[in-house]
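Values quoted throughout were computed directly from the atomic coordinates according to the rules given, and no laboratory measurement underlies them. This structure is a prediction, so every number in the text was calculated from the model and none was measured. Cβ coordinates were reconstructed from backbone atoms using ideal geometry, including for glycine residues, and neighbour counts include every protein chain displayed.
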Amino acid sequence: MTNETSGPSMVRIREANAEKVTTDDLPTRTEGNPIHDAWPVFKGANEKVRSGIWQSSAGAWVTEISGYTEFCYIIEGEAQVTDQDGRVNHIKTGDAFVMPDGFTGRWEVAQFVKKYFVIANS
């Protein structure tokens, strides 16, 4: 007798599992012309949770987190994120961090940065 179950499968976060989406349309760009690529790999029920891979070329912009919290893990490159209170966070390969709902910060990328992300709607 076999015990077969069917349910959600584990999803591996890798570029081969998604179609690349590219944008340079950043309404809060502050320096340069950064190009952002994303590979949205997973969307949960009602899109309450999303995950994938994201990367950016050189440039600077302001990000405003509203209605969600984002976990990030840097897999390549580095950046500097200055929060709304002026604290400077140097992030590089191997660093993990959370940007909570309500976070505002200025990202500065000198060359390139790439991360895994998980976004959970509030």
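What is the magnitude of the charge dipole of the chain about its Cα centre, with +1 placed on the Cβ of each Lys and Arg, -1 on the Cβ of each Asp and Glu, and no other charges, expressed in debye to the nearest 20? Mind dumping the intermediate values first?
Values: 12 positive and 17 negative charges, 53 e Å.
With Lys and Arg at +1 and Asp and Glu at -1, about 260 debye.
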Need one number for the chain: average projected area of the convex hull over its C-alpha atoms, nm². 9.3
If exposed GluC sites (Glu not before Pro) are those in a DSSP loop with at most 15 other Cβ within 10 Å, what is the longest stretch of the chain that has none? 20-122
Could you pull out the trypsin sites (Lys or Arg not before Pro) across segment 32-122 that fall in loop regions by DSSP (anything but H, G, I, E, B) with no more than 13 other Cβ atoms inside 10 Å? LYS48, ARG87
Taking the alpha-carbon distance from LYS115 and a cut-off under 18 Å, which lysines remain once sequence neighbours fewer than 8 residues away in the same chain are dropped? LYS20, LYS43, LYS92
